[in-house]
Amino acid sequence: MTKEQERARARRRYEEHQKTEKPPVGDATRDKQVFGVILAVILVLAAVIVVPRFIGADDAATPAAASTTPATPAATASTGADGLLEGQKLAAGCTKPPALQGEPKQQTEVPDKATAAGKTWIATVKTTCGDMTFELDGTKAPQTVASFLNLAKTGFWAPSPCHRVTTEGIYVLQCGDPTGTGQGDPGYAFGIENAPQDGKYPTGALAMARTQDPNSNGSQFFITFKETQLPTDGGGYTIFGKVTKGLDIVDKIAANKALPPSPTDGTPVSPISILSVSVTEKKA
């Protein structure tokens, strides 16, 4: 091979190498790549921060934590000289609610369900809008009813506002939190009992409110004033009895809806508070 042939062969190799070699990254291209990495990191951080706000971030007990707007805490709203929150008005036959409890009584042990098991109980609930009567099913929900008996006996709900009314999508009046914030509890918690598999809660049902934790049942409960469909994900909500007298009181409160910002879910325009609860065993 002559020197001229060797030079020609070397030139071809160089040209082939140039065709396959990737061009160097310029400053503009490098800036774009760095910007892309930074943007991706920002999006990931945003997802970490924002998503939990929509997935179980709320500790307030509710009959539908994943599908409804939390009620405005009554304890943080402004109160007028008449003792009512701004925008509230008394419904016919109702009296002004008492002040909220400063520090609700706390307990550490879940009541023994044997105290209620296999029995039916009658609860008389005195409210600022009249008396209501509940029938409690200790056969289907012994733990829940045992807790109800305990809280009634110890005066946990005396007094206690019904802090939330929902009139669209679901139809409930929620009660049982002496603080009026939706976050109060008796100091103990227990699991779900007797939740309907189809998610249907009939008119007048008594059921436990909870957070997304299925073992977060405590003192808060809700009354359905119209048949309500609730999610079954997470186990549903314990039905432990029914309203046998006074459902018209709930209808009256629901008719006036809720305070802003959401008139269909929040603190009732017409306040109602539990004053006392007494329970006796129903005789056959």
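The values are calculated or read from the model by the stated rules, or taken from the named source; none is laboratory data. Since the structure is predicted, the reported quantities are computational estimates derived from the model, not experimental observations. With ideal geometry, Cβ positions are generated from the backbone for all residues, glycine too; neighbour counts draw on all protein chains shown. The accessibility values were calculated without ligands, DNA or RNA, using every heavy atom of the protein model including side chains. Shrake-Rupley method; radii C 1.70, N 1.55, O 1.52, S 1.80 Å.
Structure above, values below:
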quantity	calculated
Number of positions in segment 254-266 that are open to solvent by 10 Å² or more (accessible area, probe 1.4 Å) and either over 19 Å from the mean Cα position of the chain (by Cα) or of a type outside the set (A, V, I, L, M) (or both)	9
Positions within segment 214-243 being out of contact with any Lys or Arg (no Cβ under 9 Å at 6 or more places or on another chain) and of a type in the set (D, E, K, R), in sequence order	226, 233, 242
When residues of segment 240-253 are limited to those that are open to solvent by 30 Å² or more (accessible area, probe 1.4 Å) and not charged (D, E, K, R), the one farthest from the chain's Cα centre (by Cα)	244
Selected residue [surrounded by fewer than 24 Cβ atoms within 10 Å (Cβ to Cβ) and touching an Asp or Glu at 6+ places or on another chain (Cβ under 9 Å)] from 280, 232	232
Count of residues meeting criterion [under 25 Å from residue 228 (Cα atoms), part of a loop (DSSP other than H, G, I, E, B) and either free of Cβ contacts under 8 Å to residues at least 24 places away in the same chain or in contact with a helix residue (DSSP H, G or I) (Cβ under 6 Å, 6 or more places away or on another chain) (or both)] in segment 112-171	5
Residue, surrounded by the most Cβ atoms within 10 Å (Cβ to Cβ), within segment 180-215, restricted to residues that are charged (D, E, K, R) and not in a loop (DSSP other than H, G, I, E, B)	210
Residue 275, sole failed condition from (1) open to solvent by 10 Å² or more (accessible area, probe 1.4 Å); (2) over 23 Å from residue 122 (Cα atoms); (3) not β-branched (Val, Ile, Thr)	(2)
Condition met for residue 81 (at pLDDT below 90, farther than 18 Å from residue 238 by Cα, out of contact with any His (no Cβ under 9 Å at 6 or more places or on another chain) and not charged (D, E, K, R))	yes
Inter-residue pairs, beta-carbon under 6 Å, first in contact (Cβ under 8 Å) with a residue 40 or more places away in the chain and in segment 226-250, second crowded, with 19+ Cβ neighbours inside 10 Å and part of a helix (DSSP H, G or I), 6+ apart	238/144; 240/144; 240/145
Any chance residue 166 is open to solvent by 20 Å² or more (accessible area, probe 1.4 Å) and of a type in the set (Ser, Thr, Tyr)	no
Residue 158 open to solvent by less than 30 Å² (accessible area, probe 1.4 Å) and among the aliphatic types (A, V, I, L, M)	no
Evaluation of residue 101 against (1) assigned to a loop (DSSP other than H, G, I, E, B); (2) over 24 Å from the mean Cα position of the chain (by Cα) (one fails), failing number	(2)
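Results for (1) under 17 Å from residue 101 (Cβ atoms); (2) among the hydroxyl-bearing types (Ser, Thr, Tyr), shown as yes or no for each residue.
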| residue | (1), (2) |
| --- | --- |
| 178 | yes, no |
| 191 | no, no |
| 209 | no, no |
| 216 | no, yes |
| 226 | no, no |
